[in-house]
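Heads up: the structure comes next, in structure tokens.
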Amino acid sequence: MGGAACGMLRPMPEGDTVWRAARHIRDALAGRVLTRSDFRVPRFAVTDLAGRSVTEAVPRGKHLLIRTDDGLTVHTHLKMEGRWRITPASGRLRESYRIRVILANAEWRAVGYQLGIVEVLPTAQEDRVTGHLGPDLLGPDWDQAEAVRRLRADPERSAAEALLDQRNLAGIGNVYKSEVLFLRGIRPWRPVGKIHDVDALVSLSHRMLDANKDRVNRVTTGDQRSGHGTWVYGRRDRPCRRCGTRIRCAELGDRITYWCPSCQPD
Ligand SMILES: [Zn+2]
């Protein structure tokens, strides 16, 4: 328990990160004609979207869908290290082996770095890549009852793993998982069937992502100061902000989870 991975920390993309990226891409590209596209993934190396108009950029959980007026969708996923950068098209582009896709119009250039997924597919077939997702925490069609129903459908599963499973609800990553479980006093290993109030857990997750969707620095404590933003995530061996107990860290499934043994007794 608590191997080297526990010490490794970088801000991970979660639903709020993708929501913000989609908004910036929409502002830069939507309603304008692409003058350049450059896919640096083997499967789409010769795909050229120049001349098409972007109609919208839609976040779905941790997936991002950029649609064009002729029925194509650029589907991307940030995975662990991906990010998007929007810059004026007139500026010089700094080349990097990390670039996976470039979409530009006369004014703006959107560059996707280290994206875990980049593919182009017919918009009509988006279901193929996002159809498995549970209710989207930041989606206009957010459905809390359905998210609760899906979580409860597998009562033996640990709370931590169930929250990360995007088929239950879409948008939660490792940080929110650790933080909501702390705030609800639920040990990460507790089976979903033994959680008293799954509704409250889901509703808190929704509020937390929603409150952070416009913020660059994710904060779950309400404290914007650097290093004060989380209750337990990234705080291995530090004193719990609530009770002073040493925060623990361990791998659960294949992900790191943080918890306070006193505030999350079982
Ligand atoms: Zn505590």
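Derivation of every value follows stated rules applied to the coordinates shown; laboratory data play no part. Remember, it's a predicted structure, so these values are computed and weren't measured experimentally. Positions of Cβ are backbone-derived with ideal geometry, glycine not excepted, and every protein chain shown enters the neighbour counts.
With equal scatterers on the alpha carbons only and no solvent term, can you work out the Debye log10 of I(q)/I(0) for the chain at 0.08 1/Å?
With no solvent term, the Cα-only Debye profile gives -0.35.
Using only Cα atoms, what Kirkwood radius does the stretch 55-152 have, in angstroms?
Answer for the stretch 55-152: a Kirkwood hydrodynamic radius of 15.0 Å.
Per the Kirkwood formula on distinct C-alpha pairs, the Rh of the stretch 208-260 is how many angstrom?
In the stretch 208-260 this quantity evaluates to 12.0 Å.
If you keep only loop residues by DSSP, which chymotrypsin sites (Phe, Trp or Tyr not before Pro) in the stretch 57-163 have at most 10 other Cβ atoms within 10 Å of their Cβ?
Within the stretch 57-163, the qualifying chymotrypsin sites (Phe, Trp or Tyr not before Pro) (loop, at most 10 other Cβ atoms within 10 Å) are 97.
Can you give the convex hull volume per residue for the Cα atoms of the stretch 73-120, as a whole number of Å³?
Here the figure is 66 Å³ per residue.
Kindly state, as a whole number, the per residue volume in cubic angstrom of the convex hull around the alpha carbon atoms of the stretch 149-266.
97 Å³
Would you kindly state how much longer the chain becomes between residue 228 and residue 123 on full extension, computed as 0.36 nm times their sequence separation minus their alpha carbon distance, in nm to one decimal?
Net length gain for the segment: 33.6 nm.
Can you tally the net charge around residue 91? Count Lys and Arg as +1, Asp and Glu as -1, for every other residue whose Cβ sits under 14 Å from the Cβ of residue 91.
Summing Lys and Arg as +1 and Asp and Glu as -1 gives +3.
Compute the FRET efficiency between residue 146 and residue 41 as 1/(1 + (r/R0)^6), taking r as their Cβ-Cβ distance and R0 = 41 Å, and round to the nearest 0.05.
0.75
Can you check what the net charge comes to around residue 196, using other residues whose Cβ is under 14 Å from the Cβ of residue 196 (Lys, Arg +1; Asp, Glu -1)?
+2
Between residue 216 and residue 90, take the C-beta separation as r, use R0 = 22 Å, and let me know the FRET efficiency to the nearest 0.05.
E between residue 216 and residue 90, to the nearest 0.05, is 0.35.
If a/c stays under 1.5 just call it rounded; otherwise compare a/b with b/c (prolate if a/b is bigger, oblate if not). Do that for the stretch 169-208, with a ≥ b ≥ c from the square roots of the Cα gyration tensor eigenvalues.
Prolate is the answer for the stretch 169-208, as a/c is 1.5 or above and a/b outweighs b/c.
Ignoring GluC sites (Glu not before Pro) that are buried or in helix or strand per DSSP, and keeping those with at most 15 other beta carbon atoms within 10 Å, what is the longest stretch of the chain between them?
After excluding every exposed loop site, the longest remaining stretch is 157-266.
Can you compute the charge dipole magnitude of the stretch 11-157 about its Cα centre, using +1 on each Lys and Arg Cβ and -1 on each Asp and Glu Cβ, nothing else charged? Give it in debye, rounded to the nearest 20.
Rounded to the nearest 20 debye, it is 560 debye.
Based on the Cβ-Cβ distance of residue 246 and residue 207, what FRET efficiency does E = 1/(1 + (r/R0)^6) give at R0 = 30 Å, to the nearest 0.05?
0.60
Suppose we take every Cα in the stretch 20-105 and form the convex hull; what volume per residue is that in Å³?
Taking only Cα atoms, the stretch 20-105 has a hull volume of 102 Å³ per residue.
Which of 24, 196 has the fewest other C-beta atoms within 10 Å, and how do the rest follow up to the most?
Ordered from fewest to most neighbouring Cβ atoms within 10 Å, 24, 196 come out as 196, 24.
Separation of the stretch 182-249 and the stretch 88-159 by C-alpha centroid, Å?
Rounded to whole Å, the Cα centres lie 24 Å apart.
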